[in-house]
1. Given the conditions (1) at pLDDT below 95; (2) in contact with a Ser or Thr (Cβ under 7 Å, 6 or more places away or on another chain); (3) farther than 21 Å from B:V8 by Cβ, and given that A:K79 satisfies all but one, which numbered condition is not satisfied?
2. Report yes if B:E24 is closer than 26 Å to A:L62 by Cα, of a type outside the set (G, A, S) and more than 7 Å from every other protein chain (Cβ to nearest Cβ), otherwise no.
3. Going by the structure shown, is B:A32 under 15 Å from the mean Cα position of the chain (by Cα) and more than 7 Å from every other protein chain (Cβ to nearest Cβ)?
4. Would you say A:L42 is closer than 28 Å to B:D16 by Cα and at the interface with chain B (Cβ under 7 Å from one of its Cβ atoms)?
Protein chains: 2
Amino acid sequence: MPSVRVYVRLKPSLLDSAGRTVGEALKNLGYAEVEDVRIGKLIELKVDTVEDSRIREMCSKLLANPVIEDFTYEVVGEKA
Amino acid sequence: MPSVRVYVRLKPSLLDSAGRTVGEALKNLGYAEVEDVRIGKLIELKVDTVEDSRIREMCSKLLANPVIEDFTYEVVGEKA
């Protein structure tokens with residue numbers, strides 16, 4: 001069964017306060033090499049069939065909020 | 001500057017109630033092809049230098065909860 005990995009990210013122009021907090025925590029733990037952190041969502045769908053237009057629809061209707069988020073996706077496994 | 005994409009997923013044996021809810025919502029919206037949904041985190045780090053042992057340390061100390069989550073990561077862009 002194919003699966004679809006959807007990556008949902010906050011739009012680059014928006015402040016990611018959770019990401020900033022994690023970035024500061026990493027610096028405080030001694031990881032000075034970390035310059036920036038952004039936190040998004042990884043949504044994995046197991047689907048019977050993959051139809052790109054339907055995947056995009058699911059993303060823009062439910063999985064991502066198009067006002068503040070961007071999404072990309074990739075199909076893993078056979079495209080039955 | 002290289003970036004590191006960390007994927008944090010709930011361990012497969014654990015019930016993902018948020019994922020289940022999203023899966024039911026997708027079915028209710030008419031996406032009957034969706035069999036299962038799991039929701040994880042996508043954490044993108046911009047770093048000066050990439051050292052695998054340090055990345056794994058960051059993941060197990062702060063980015064993922066090793067009791068309930070697994071993580072994988074990949075390096076994107078030049079490994080300075």
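1. (2)
2. Taking the combined requirement at face value, the residue satisfies it.
3. No: the conditions fail for B:A32.
4. Yes, satisfied.
The values are calculated or read from the model by the stated rules, or taken from the named source; none is laboratory data. What you see is a predicted model, and the numbers here were worked out from it, not measured in a lab. Please note: Cβ atoms are built from the backbone with ideal geometry, for glycine as well, and neighbour counts cover all protein chains shown.
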